[in-house]
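Contents: one structure, followed by commentary.
Laboratory data are not the source of any read-out in this text; all were calculated from the coordinates shown. Keep in mind that this is a model prediction, so the values were computed, not measured. Quick reminder, even Gly has a Cβ in these numbers, built from the backbone with ideal geometry, and neighbours come from all protein chains shown.
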Amino acid sequence: MFDKNLPVQFTEVENNQIAYYRTGQGPTLVLVHGITTYSFIWRRIIPGLKKDFNIIAIDLLGCGASDKPPGVDYSIKAQARIIRKLLDNLGIKKINLVSHDVGGGVGQIMAVDYPELVKSMVLINPVGYDFWPVQPISAMRIPLIRQLAMATLDLGIFKAIIKRGFFHKELVTDELMELFWEPFRTKEGRQGFLQFAKCINNKQLLDIAEQLKTLSMPVMLIRGDADSYLAPDIYKKLHHEIPGSRLERISTGGHFIQEDEPEKLISLIKTFGRGVYDDN
């Protein structure tokens, strides 16, 4: 739990317990994290948005407080399907989607597969096309390396990986690293991460590339120019291919822009397309 005032809730989807946090009121805003993180990555965003939105921050299958079953499909297409079923369980018919990193891939699939559900979409440093996965995630798809990572990953190595994703390096405090490291404290948590990495398949985004060109909902891309993990080719191509998409760049944002520049993100999300957001 990353906020004592925001208790975790669960709903069963496909025989697994999926965790989510819900707060606020107004149009529904669904927050989807990427790999190496879970819903805590929105901790500095949620307080600035909860007065305006009914916020649902989800822990993807295999992440955070959600179940981490071995040997099942954690792919981005499966995650999109699970989120759809979670929202069905909650009786939610329309959402505004905000997603980050691999979660941005989940968001793209949701926008294509469930256009009646997704009213608008914000993609923050998203994956896209075949420009991903990147190191060190791509290495985790090799069985031997997965086994070595399971046995040898320690907080020092992990901190170096995380710190590379920041523009403001001084923000990588012991407190923050405790949040990043939390799922890796247990064997189950490490297995969940490695299974997620194993199931990453960029073909699932290549398969929808043509359909992205036909999206009709408002889409905003937010790029942290200091993102050292994902290439700028991704946002450039997405912006070119998605009709009418809006592009915002933040020079002082790294990959984990939610921590680097939360106030700028909050402002962009709030003001995105006046009249775009809608109640269910």
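For the chain, set up a Gaussian network in which alpha carbons nearer than 10 Å are linked by springs, and say which option among ASP67, ASP227, ASP207 fluctuates the most. With Cα springs under 10 Å in the chain, the top fluctuation among ASP67, ASP227, ASP207 is at ASP207.
For the charge dipole of the stretch 9-270, defined by +1 on Lys and Arg C-beta atoms and -1 on Asp and Glu C-beta atoms about the Cα centroid, which residue among ILE242, PRO262, ILE162 has the Cα displaced farthest towards the positive pole? Looking along the dipole axis, the top candidate is ILE242.
Here's the list of aspartates and glutamates a cross-link from LYS51 could span, going by alpha-carbon distance under 17 Å and ignoring same-chain residues fewer than 8 apart: ASP3, GLU263, ASP278, ASP279.
In straight-distance terms, cross-link reach from LYS198 covers every one of the lysines whose alpha-carbon lies under 18 Å from its own, apart from those fewer than eight places away in the same chain; here that gives LYS68, LYS77, LYS187.
Would you order SER99, SER120, SER216, SER267 from fewest to most other beta-carbon atoms within 10 Å of each residue's own beta-carbon?
Numbers: SER99 27, SER120 21, SER216 9, SER267 13.
Sorted ascending by nearby Cβ count, the order is SER216, SER267, SER120, SER99.
GNM remark for the chain: springs join alpha carbons under 10 Å apart, and the peak mean-square fluctuation among LEU61, LEU90, LEU247 falls on LEU90. Length gained on full extension, THR173 to SER267: 31.4 nm, using 0.36 nm per residue less the C-alpha separation. For the residues VAL32, VAL112, VAL98, a GNM of the chain with alpha-carbon springs under 10 Å puts the largest fluctuation on VAL112.
With Cα atoms defining each centre, the stretch 20-68 and the stretch 256-272 are spaced 14 Å apart in the structure. Placing unit charges on each Cβ (+1 for Lys and Arg, -1 for Asp and Glu) gives the stretch 9-270 a dipole about its Cα centre, and among ILE222, GLN191, PHE40 the Cα reaching farthest toward its positive end belongs to ILE222. Here the scattering of the chain is modelled by Debye summation over its C-alpha atoms, one equal scatterer each and no solvent; at q = 0.06, 0.07 Å⁻¹ the log10 of I(q)/I(0) is -0.16, -0.22.
What FRET efficiency comes out for GLN211 versus ALA160 if R0 is 45 angstrom and r is the Cβ-Cβ distance? Round to the nearest 0.05. Walk me through the numbers before you get to the answer.
Numbers: r = 38 Å, r/R0 = 0.84.
After rounding, the FRET efficiency stands at 0.75.
Counting only DSSP beta bridges with both residues in the chain, tell me the antiparallel percent, nearest 5. The antiparallel proportion sits near 30 percent. Across the stretch 9-270, C-alpha contacts under 8 Å between residues 6 or more apart give a mean separation that, scaled by the residue count, equals a relative contact order of 21 percent. Applying a DSSP loop filter and a limit of 14 other Cβ atoms within 10 Å to the trypsin sites (Lys or Arg not before Pro) in the stretch 202-257 leaves LYS213. Relative to the current alpha-carbon distance between ILE92 and GLU14, full extension at 0.36 nm per residue lengthens the span by 26.3 nm.
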